[in-house]
Amino acid sequence: MKFMLDFSKINKKNWLYEILFRYLQFVHNFVYYRQYRVKGKENFPKNEGFLIIGNHQNSLNDALGILFIDPKYHPIYIARADIFKKPLLGKLMRFIRIMPAFRQRDGKEELDKNNIVFNEAMRIMSEGDCVAIFPEATHMDGRYLGQFKKGFARIAFGAAEQSDFKINLKIVPVTNNYSDYFRFQTKLLITVGKPFEFSELYDLYKENPEKARYQLTQKARAAVEELMVNLDDVPNYPQLETICTAYRDKYITDHKLKLRQIESEAEADIAAANVLRSLRDNNPEQYNTLVDKAREYGSLLKELKLRDWIFGFKPSFFCFLLKAVLWVVLIPLWIVCAFLNFVPYYSGFLITNKVKDKLMGPSIHFGLGMLVTMPLWNLIVSVTAGIVSHSWLVAIASLVLLPFTMIVYSRSKGSLKKLINRIRRSNFVTKKDRRYMRAAELRTQIIAEMDALFN
């Protein structure tokens, strides 16, 4: 990046940004996600600047999850510099309050520009605003925590040094937990941990800055890890997810938590991840046996084209018949909702099908679908409805109701998939399919072994 943008006003009020923020907050919190929950919001410091650090799993969506916690807080983000290479895109990033961080791959001559960015970050916090950074410096490919880079520690110690070490800058750990990275109308939990200080490292920093930064990095990583699901055995990651999924409802029921709530699901998965890590460290042989069972179980699920929940489902012929009849009756409504939302719902696939990094997909779908095509398409449909009906009230009503038709379309798609799963399951049970029986047996064994680890 041969040019350097001016970030001196990045944290100042901007009416256009505020309008965009309110629109995207509504779409993000109530349309894009079925459940968007925040735990620990009261931990944010009041009336002072602070630094947010978080785990990074889902590209831009991680930043949006933090951004929309509370309109009182508008974090300034620091992200990789390569997205600033084109001047127009760089100005767009600045508009949405993102500053660049330069890495070795950007060229040695670019690294000195980090000093400018870090100085701006210190200024922003000294003015009572907050700065957010993902210390892993890149997103992971699942629910596990990577190693932290020292960039955030440079900012933190730099802010303290600017005040002659008279301030105790607070660092707030924030984590995200997604029920699904890729699908629309899923669940997201943002957990805000208790802020911590690092004044005990000031003296060490004066003598050995590099060692002090390293110790702060480790302290920060531990604070983030404590709040999140960390399935850090990456080679066996799919199997660990399979175990968590199979055991989740059992844990929730045993601990009298609320079913189908993202807070309960995250608590169950954190507990399962911790138990699995302990088993791996203390009894590798038993751990590998459990992982092998999960691998076989997951393979059978793919072969049978079934989801895990179907094995814990208690079949009811009346319920099945009622849902089947409802689907037949409501097919016309589903077709209308599909037609009204086809463009915004599927526009992102024009790009994501060509992108190698699959975890960039959700950000593209949100950015292109929710920010661009949905408002434009809904405006076109609403104006058309108003012209055809000769009523501006119809146009306004259409504009208000169209986002909810997207929710109806998405949820009905999920309902149809569940109905198909139930039909397939009934077929396997009737035929006494050996693969299905083996999958059910493996799932029972996995749950029993996890129960034994908790008891």
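The values are calculated or read from the model by the stated rules, or taken from the named source; none is laboratory data. Every value quoted in this text rests on a predicted model; they were computed, and no experiment measured them. Cβ atoms come from the backbone with ideal geometry, glycine included; neighbour counts cover every protein chain shown.
Figures for the structure shown
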| item | result |
| --- | --- |
| Sole exception among (1) over 23 Å from the mean Cα position of the chain (by Cα); (2) surrounded by 13 or more Cβ atoms within 10 Å (Cβ to Cβ); (3) under 26 Å from Lys417 (Cβ atoms); (4) hydrophobic (A, V, I, L, M, F, W, C) for Trp309, by number | (1) |
| Subset of segment 180-235 [β-branched (Val, Ile, Thr) and over 17 Å from the mean Cα position of the chain (by Cα)] | Thr217, Val234 |
| Any hit, segment 386-400, residues being touching a residue at least 40 places away in the same chain (Cβ under 8 Å) and not β-branched (Val, Ile, Thr) | no |
| Elements of type helices (runs of 4 or more DSSP H) in segment 188-301, at least 1 residues being of a type in the set (Gly, Ala, Ser) and modelled with pLDDT of 95 or more | 209-225, 237-254, 262-282 |
| Selected residue (only one of Ala222, Ala246 is buried (at least 22 other Cβ atoms within 10 Å of the Cβ) and of a type in the set (Gly, Ala, Ser)) | Ala246 |
